[in-house]
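Trainee: First the structure, then my questions, so here it is.
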Amino acid sequence: MKPKVIVAFDLGTTGNRVMAFTREGQVAARSYYEFPQIFPQAGWVEHDPLAILETALQALGDVTGVVGPENIESIGITNQRETTILWDRDTGQPVYNAIVWQDRRTEKMCRELASYRDLVKQKTGLFIDPYFSATKISWLITQVPGLKEKIKTGKILFGTPDTWLLWNLTGGKIHATDPSNASRTLLFDINHCRFDQELLRIFNIPPGILPEVKDSDAVFGLVDKKFSGREIPITGILGDQQAALLAQCGWDKDRAKVTYGTGIFAMANTLQELCRSERLVTTVAWKIGGEVNYALEGSIFIGGAALQWLRDGLKIIDRASDSEQLAAALKDNEGIYFVPALQGLGAPYWDPQARGMIIGLTRKSTQANIVRAALEAMAFQVREVVAEMQQARQQKLAVLRVDGGAAANNFLLQFQADIARIAIERTTMNEITALGAAGVSGLSAKFWSKEEFKKIVIKDKLFTPQMDEEIAEGYYLKWKEAVQRSLRWEQ
């Protein structure tokens with residue numbers, strides 16, 4: 001007899017993954033499909049919403065075929081958060097491609113709204129930046145022919161990928177999201193957990209296109225049996241970084257999680273305390289069991305994407321995994337620093353006008369120097385964010401729990417421990433975001449208790465500081481100097 005499972009959708013930036021987890025946290029089935037990245041202009045990043053949907057449904061079909069629809073207790077969804085989709089309620093067709101969280105086309109619009117910076121930060125915990133959804137929605141409304149008129153008829157819906165998938169899975173019955181995703185739109189007042197009329201007026205967005213906001217562990221609806229063979233309840237939705245936080249740290253305050261993905265996202269749970277920072281994002285972690293938890297987050301735009309650029313753009317490595325051996329072959333960084341502001345800088349600088357820079361090159365410099373500088377840049381950026389977190393919370397973190405593709409790189413994690421002067425704990429579970437989505441769904445469905453779920457994540461390896469602190473500090477100060485030279489370049 002096959003075991004009962006929780007199924008999780010993990011809607012990522014480059015592809016969609018579906019996984020099934022047993023009660024013991026074992027992976028019973030998995031499936032993954034990539035979808036194309038679309039770059040219409042410099043700084044623009046788009047996805048085809050239908051490709052997002054098709055790959056997600058294809059992966060669901062694969063997993064359902066393995067575990068059997070009768071054994072799926074419930075489904076959870078996690079997703080790339082700020083990515084923006086508008087579609088027609090009647091036809092189900094997108095009005096335009098999805099505008100991805102990485103997209104920078106609304107920089108000018110954000111600068112024009114700068115006078116609202118303090119108000120927006122107070123209400124949303126966010127910065128007025130192209131990263132978030134509101135200015136993407138505004139751009140679509142003004143740039144897509146005929147869209148304003150369609151919106152007036154009530155036919156247009158907005159959602160991040162979780163909402164788009166949910167609407168389709170339920171046959172167009174449910175248009176909803178959860179607070180962790182809503183809090184990334186620049187339209188959601190995190191103090192009262194609701195969309196805010198004043199913010200809607202500032203960004204000139206009609207409220208009728210917005211999804212209903214349900215608790216993260218709500219029963220969102222039933223999957224249409226044409227997709228899964230039977231109606232299966234969807235009992236959890238979380239943004240991808242909040243899902244990773246739930247799986248990695250749960251309700252612990254003395255640790256933070258760092259996800260080394262396309263970007264790098266560091267997040268620490270502040271529980272019911274709405275902790276504010278001038279240089280970090282304050283966001284909703286989740287609303288589970290009727291209780292809102294908040295988090296501090298540092299969103300770093302370029303992490304693993306720098307290695308992808310070295311592979312696909314400069315073509316100086318064949319595989320991102322080659323970076324570990326190349327970097328470790330050098331005894332030090334030889335004074336070379338890479339500021340990966342390839343799409344501006346996120347936390348803690350929030351400078352969309354910063355541009356990428358490699359400095360310190362000489363005739364002696366090789367491919368290995370540039371690769372090492374890219375890995376070190378990830379660690380330097382995380383140190384800056386962790387320092388801001390500790391200052392805002394007035395509490396030192398005991399450990400960073402790490403996940404994401406680059407977390408397999410031992411050179412990176414050891415350098416991270418050395419530079420941040422903190423223990424780094426890597427877990428055995430690679431797909432931690434999917435596990436978080438399964439977690440919120442399984443908690444809602446009473447598949448796991450909190451304590452049972454927390455035991456699933458097992459430590460793989462611990463990295464502690466080994467480098468002389470004075471040397472580490474010297475590296476870090478030179479990095480800070482390099483960053484200053486990259487800021488406000490594109491004016």
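Trainee: For 60, 113, which order do you get if you count the other beta carbons within 10 Å of each Cβ and list the fewest first?
Mentor: With the fewest neighbours first, 60, 113 line up as 113, 60.
Trainee: Counting only DSSP beta bridges with both residues in region 5-239, what percent are antiparallel, rounded to the nearest 5?
Mentor: Here the antiparallel bridges make up roughly 65 percent for region 5-239.
Trainee: Now for a different question. How do 85, 174, 422 rank when sorted from fewest to most other Cβ atoms within 10 Å of their own Cβ?
Mentor: Listing 85, 174, 422 from fewest to most nearby Cβ atoms yields 174, 422, 85.
Trainee: Rounded to the nearest 500 deg cm²/dmol, what is the calculated helix-only ellipticity per residue at 222 nm for the chain, with -39500 (n - 2.57) per DSSP H run of length n ≥ 4?
Mentor: So the helix-based figure for the chain works out to -10500 deg cm²/dmol.
Trainee: Arrange the following residues from fewest to most other Cβ atoms within 10 Å of their Cβ: 403, 312.
Mentor: Fewest to most other Cβ atoms nearby, the residues stand as 312, 403.
Trainee: Also: Past the 28 Å Cα-Cα mark, which pairs from 108/150; 123/214; 121/461?
Mentor: Cα-Cα > 28 Å for 121/461; rest within.
Trainee: Applying a 10 Å radius around every beta-carbon, put 301-311, 368-378 in order of their mean neighbour count, most first.
Mentor: Per-residue mean Cβ counts within 10 Å order the peptides as 368-378, 301-311.
Trainee: Which of the GluC sites (Glu not before Pro) across region 383-491 are loop residues per DSSP, with 14 or fewer other Cβ within 10 Å?
Mentor: Qualifying residues, ordered by number: 490.
Trainee: When we measure straight from the Cα of residue 155, which lysines land under 21 angstrom away, once same-chain ones fewer than 8 places off are left out?
Mentor: Excluding near neighbours in sequence, the set is 136, 173.
Trainee: With Cβ to Cβ distances under 14 Å as the rule, what net charge do the other residues near residue 484 carry (K, R +1; D, E -1)?
Mentor: Result for the local shell: +2.
Laboratory data are not the source of any read-out in this text; all were calculated from the coordinates shown. Note that the coordinates shown come from a computational prediction; the quantities given were computed from them, not determined experimentally. Backbone-built Cβ (ideal geometry, glycine too); neighbour counts: all protein chains shown.
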